Amino acid sequence: MKDIETYTEIEDFVKKFYKKLLLDAQIGHFFQELNLESHLPQVADFWAFILIDQAGYSGNMMTAHSKLDLSKSDFEQWLKLFHETIRENFEGTKASLAIERSTLIALTLKPKS
Ligand code: HEM
């Protein structure tokens, strides 16, 4: 398996991740109403900034999540699926960085109970 190197690979793993999210019994409902045509490029831009230093992400992560009622266990499930998606498709420094950063960011967004 290879590492994450291009924007196309990021778009591809974001699509695969959202397939899992949408089917998930616990947290799938948060994503059902989203317009994926505009949401997925934002998420891909976010990861492109973190993983391949590509400018473009202009959203506000904190605001996007503050209006959702998310529990600690919702975050654990989100992370489980994200880590699974990365591990199933890539290995290397960037893949590890994606896993590390997602865990750290989840901590900053995550409620305590
Ligand atoms: C329980 C966990 C999570 C749930 C249910 C969740 C759900 C959502 C939803 C519904 C949105 C759309 C908000 C809107 O447009 O109004 C969103 C946006 C977003 N989420 Fe999450 N999220 C979770 C955790 C995370 C984590 C840990 C990360 C990053 C490591 C992340 C990255 C993003 C990004 C980049 C956006 C786009 C924000 C923007 O610029 O508008 N999410 N999330």
* Specify the residue with the greatest mean-square fluctuation among Asp24, Asp69, Asp45, computed from a Gaussian network of the chain linking alpha-carbon atoms under 10 Å apart. => Asp69
* Would you mind classifying region 39-84 by shape? Square roots of the alpha carbon gyration tensor eigenvalues, ordered a ≥ b ≥ c; an a/c under 1.5 is rounded, otherwise it is prolate if a/b is larger than b/c and oblate if not. => oblate
* Starting from the Cα of Lys20, draw a straight line to each of the lysines and keep only those under 17 Å, dropping any in the same chain fewer than 8 residues away. => Lys80
* For Asn89 and Thr6, calculate 0.36 nm times their separation in residues minus their Cα-Cα distance, and state this gained length in nm to one decimal. => 28.5 nm
* Given labels modelled 7 Å from the Cα in the Cβ direction, how far is it in nm from Leu23 to Ala55? -> 3.9
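So which GluC sites (Glu not before Pro) in region 1-100 end up in coil per DSSP with only 11 or fewer other C-beta atoms within 10 Å? Display every interim value, and only then the final one.
Numbers: sites: Glu5, Glu9, Glu11, Glu33, Glu37, Glu76, Glu84, Glu88, Glu91, Glu100; in loops: Glu5, Glu33, Glu91.
Passing sites in region 1-100 are Glu33.
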* Structure fact -> In nanometres, the difference between 0.36 nm per residue of separation and the alpha-carbon distance of Ile99 and His39 is 19.5 nm
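May I ask for the longest run of the chain untouched by trypsin sites (Lys or Arg not before Pro) that are loop-located per DSSP and have at most 14 neighbouring C-beta atoms (other than their own) within 10 Å? Don't skip to the end; give the middle numbers.
On the way: sites that count: Lys2, Lys67, Lys112.
Longest stretch, sites excluded: 3-66.
Of all alpha-carbon pairs in region 7-109, indicate the percentage at a distance above 16 angstrom.
Above the 16 Å cut-off, region 7-109 has 58 percent of its Cα pairs.
Taken together, the values in this text are just the output of simple stated rules run on the coordinates, not laboratory data. Because the structure is a prediction, the values reported are computed rather than measured. Glycine also receives a Cβ, built like all others from the backbone with ideal geometry; neighbour counts cover every protein chain displayed.
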